[in-house]
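Below: one structure, written as C-alpha cells.
The values are calculated or read from the model by the stated rules, or taken from the named source; none is laboratory data. Here the structure is a predicted model, which means the values were calculated and not measured. Neighbour counts are summed over all protein chains in view; Cβ atoms, including those assigned to glycine, are modelled from backbone coordinates with ideal geometry.
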Amino acid sequence: MSEKKNTIPKYMKFTIGGLAGMGATVFVQPLDLVKNRMQLSGEGGKSRQYKSSGHALITVLRNEGITGIYTGLSAGLLRQATYTTTRMGIYSSLFERFSVDGKPPSFFKKVFIGVFAGGIGAFVGTPAELALIRMTADGRLPVEQRRGYKNVFDALKRVWLEEGFLALFRGSGPTIGRAMVVNASQLSSYSQVKQFFLDREMVKDGLLLHFVSSMISGFVTTVFSMPVDIVKTRIQNMKTIDGKPEYKGAMDVFVNTIRKEGFFSLWKGFLPYYFRLGPHTVLTFIFIEQMNRIYATTVLKDASAGRGL
C-alpha cells in the first residue's frame, strides 16, 4: 500500500489565500482608490474630474491628505478576507484535485477552475466590494453629498438599514462577471506562464519567476476585465434619486458609457488598474507561494507539498 502524500489542508489553503490578499491590499490600496475615482470621472457625460491618474492622485493628496489615499482600507481588507479567501481556497483545492501524478491540470481546466472559483468568491465578497467602491468614491463629491461612512462595518450597517438587505448585493451580477473574467485570465495565465518558463528551464522556481509570471498575468487580466469592472464600479456607486436608480442595469451603464464617453472609456484608468492589479497579483502569489512553502516545510516536514498553483 503506497504512502499517502502530504498535502496542505483545505482550511489552510483558504486561510493562506485570504492572508495573502489582505497583505497585498495594504500596499496597493491607494492605487485602488485612484482607479475607482478615474472610472467615475466623467460619468453621465459630465466634464472629467481628473485629467490623468497622476492628476487624480495629486488631487486626492492635496484635498484629503496622506490618509485620504487609504480611504476604504477597512473595506479593502474585508473584501480580501471574503472574496480572496474563498476564490484562492477553492482554486487551490480544485487545482490539486485535477492534478494527476504530479502534473498540473490542462490550460482549459485551469480556466474552468478559475471561473468557478471567481464566481463563488465574488458573490461572497459583493457587500465588501460595494462598501469599498462607495468609500473610495466619497471624497470626490461635495461635502453635503458624501455618504460619510466611518468604516466598512458602518457602511454595511447603513446600506442595510437605509436601502435594505438586498442592496448589499447590488451589482452582484457584474461583480461575479468581472470575477469570472479576472480569475479565468489571472489564475490560469499565471499558472500557464509559470509552467512555460519552468518547462523550458528559462527561469528557476523562485521570486523572480513568481514576479515575471504575475506581471504578465496582471496585464492579460487588465485588458480583459476592465470593461466589466467599470460597469460594476458605476452600478455599485450609483444613488437612488426620487425612488429611481441612476442606471437600469449593467447593459444601460455599458451603452451609456460608450455613447457619452467613447468606446475606449471602457479602459479609463488602465494604468492605475494595471499598476494596482499587477503588484497586487505579484504580492498575492508571492505571499501564497512563500506561505505554502513555510507551512509545508515547518508543519508537514515535506517541501514538495508546498508546490503547485
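Condition check ((1) closer than 23 Å to Leu31 by Cβ; (2) touching a helix residue (DSSP H, G or I) at 6+ places or on another chain (Cβ under 6 Å); (3) free of Cβ contacts under 8 Å to residues at least 40 places away in the same chain) across all residues:
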{"position": "Asp101", "(1), (2), (3)": "no, no, yes"}
{"position": "Phe107", "(1), (2), (3)": "no, yes, no"}
{"position": "Arg146", "(1), (2), (3)": "yes, yes, yes"}
{"position": "Lys157", "(1), (2), (3)": "no, no, yes"}
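Return yes or no: is Arg276 closer than 30 Å to Leu198 by Cβ, among the basic types (Lys, Arg) and buried (at least 18 other Cβ atoms within 10 Å of the Cβ)?
Yes.
Look at Thr240 and say whether it is over 19 Å from Lys204 (Cα atoms), crowded, with 21+ Cβ neighbours inside 10 Å and touching a residue at least 24 places away in the same chain (Cβ under 8 Å).
When the stated conditions are applied, Thr240 does not pass them.
Does the range 275-303 hold any residues that are under 23 Å from Leu40 (Cα atoms) and in contact with a Leu (Cβ under 9 Å, 6 or more places away or on another chain), and which are they?
Correct list: Phe275, Arg276, Leu277, Pro279, His280.
Just to be sure I understand, how many residues within the range 72-92 are more than 19 Å from Leu277 (Cβ to Cβ) and either of a type in the set (S, T, N, Q) or surrounded by fewer than 16 Cβ atoms within 10 Å (Cβ to Cβ) (or both)?
Going through the range 72-92 one residue at a time, the tally reaches 2.
Of the residues Phe95, Phe27, Phe14, only one is surrounded by fewer than 15 Cβ atoms within 10 Å (Cβ to Cβ) and in contact (Cβ under 8 Å) with a residue 12 or more places away in the chain; which?
The match here is Phe27.
So which residues in the range 258-289 are in contact (Cβ under 8 Å) with a residue 40 or more places away in the chain and within 12 Å of Val231 (Cα to Cα), if there are any at all?
Ser265, Leu266, Trp267, Lys268 - these are the residues of the range 258-289 that are in contact (Cβ under 8 Å) with a residue 40 or more places away in the chain and within 12 Å of Val231 (Cα to Cα).
A quick yes/no check of all residues on (1) surrounded by fewer than 16 Cβ atoms within 10 Å (Cβ to Cβ); (2) of a type in the set (D, E, K, R); (3) in a helix (DSSP H, G or I):
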{"position": "Trp160", "(1), (2), (3)": "yes, no, yes"}
{"position": "Gln186", "(1), (2), (3)": "no, no, yes"}
{"position": "Gln195", "(1), (2), (3)": "yes, no, yes"}
{"position": "Ser214", "(1), (2), (3)": "no, no, yes"}
{"position": "Val220", "(1), (2), (3)": "no, no, yes"}
{"position": "Gln236", "(1), (2), (3)": "no, no, yes"}
{"position": "Tyr247", "(1), (2), (3)": "no, no, no"}
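Looking at the range 6-49, which of its residues are assigned to a helix (DSSP H, G or I), basic (Lys, Arg) and modelled with pLDDT under 85?
Those that are assigned to a helix (DSSP H, G or I), basic (Lys, Arg) and modelled with pLDDT under 85: Lys10, Lys13, Lys35.
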